[in-house]
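Here is the structure we will look at, set down as structure tokens.
Laboratory data are not the source of any read-out in this text; all were calculated from the coordinates shown. Bear in mind the structure is a predicted one, so any value in this text is a computation, not a measurement. Neighbour counts are summed over all protein chains in view; Cβ atoms, including those assigned to glycine, are modelled from backbone coordinates with ideal geometry.
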Amino acid sequence: MANKKIINVIIVVAFMLVTIAVGCSNKDTVNTGKSNVTEETKMAEEEKKVINSQESEKDTSNTDKTNVAKESKEKTTSPQDVAKTSRSIFGTIKSINKNTKVIGFDDLEMITADKKERMKQIGITDKDFSNWYLYNESNEIKYYKITDKTSITIYDKNNGKEISTNINGLHNQFVSGYENHYDIKVQGDYIVEIVQRILNE
């Protein structure tokens, strides 16, 4: 009888121990589950941050490209704008380099007797000239380049015939010393047109 009681006690104790062990195991499983969920949440958040960062960089890159394109477009000069910036200059040729196709040009201003106000400004009177007066405000020589599209017109010094020529013909006319006065049309540093002007005394 006593042995039977002892066996019953042992069974009860064993049952209690098993119950406690199972409870602890379930608790660990729950904690592990929570831990896994937490880790997955952190990873998801980190991935989201990386994606957001990449999208932000992409947006910044696109914005920069847009700005560069816009600036490039603003800096582009249309043919119409170039045409507007062309200007005509009267003066004398001081040098011609046939190799580089660059000429040195000295601007002059032709003043006629009807420009009384301008005559006052530079201090000349009718006695200083007959038909016209060539005023050189400065001796600064400016350099312009002849291109393959430059139109060049000179006049034959023997018969006055108009001649369409190139830089070689212009150079020959220049070194001859014949009527070194020209009207040139320039766009920036390039010459569009050169026309020799024959001055009548």
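Derived scalar couplings between HN and Hα for region 164-169 equal 8, 9, 10, 5, 5, x Hz in order, rounded to whole Hz, by the Karplus curve 6.51 cos²θ - 1.76 cosθ + 1.60 (θ = phi - 60°), x for Gly and Pro.
Taking each residue as 0.36 nm, the span from Val195 to Phe129 lengthens on full extension beyond its C-alpha to C-alpha distance by 21.3 nm.
Amide H contacts for Ile96 (H built 1.01 Å from N in the peptide plane; partners 5 or more residues away or on another chain; cut-off under 5 Å): Gly104.
Karplus-derived 3J(HN,Hα) values for region 91-106, using 6.51 cos²θ - 1.76 cosθ + 1.60 with θ = phi - 60°, are x, 10, 7, 9, 7, 9, 10, 5, 6, 8, 6, 10, 10, x, 10, 10 Hz; glycine and proline are entered as x. With 21 Å as the limit on Cα-Cα distance, the pairs of Lys149/Lys185; Lys145/Lys185; Lys101/Lys161 that go past it are Lys101/Lys161.
Among residues other than Arg197 whose Cβ falls under 9 Å from its Cβ, what is the net charge (Lys/Arg +1, Asp/Glu -1)?
Numbers: positive: none; negative: Glu179, Asp183.
In short, -2.
Between the amide H of Leu108 and those of Phe90, Gly91, Thr92, distances stay under 5 Å, these residues lying 5 or more places away or on another chain, with hydrogens modeled in the peptide plane.
Extending 7 Å from Cα along the Cβ direction at Glu109 and again at Thr85 yields two label points whose distance is 2.5 nm.
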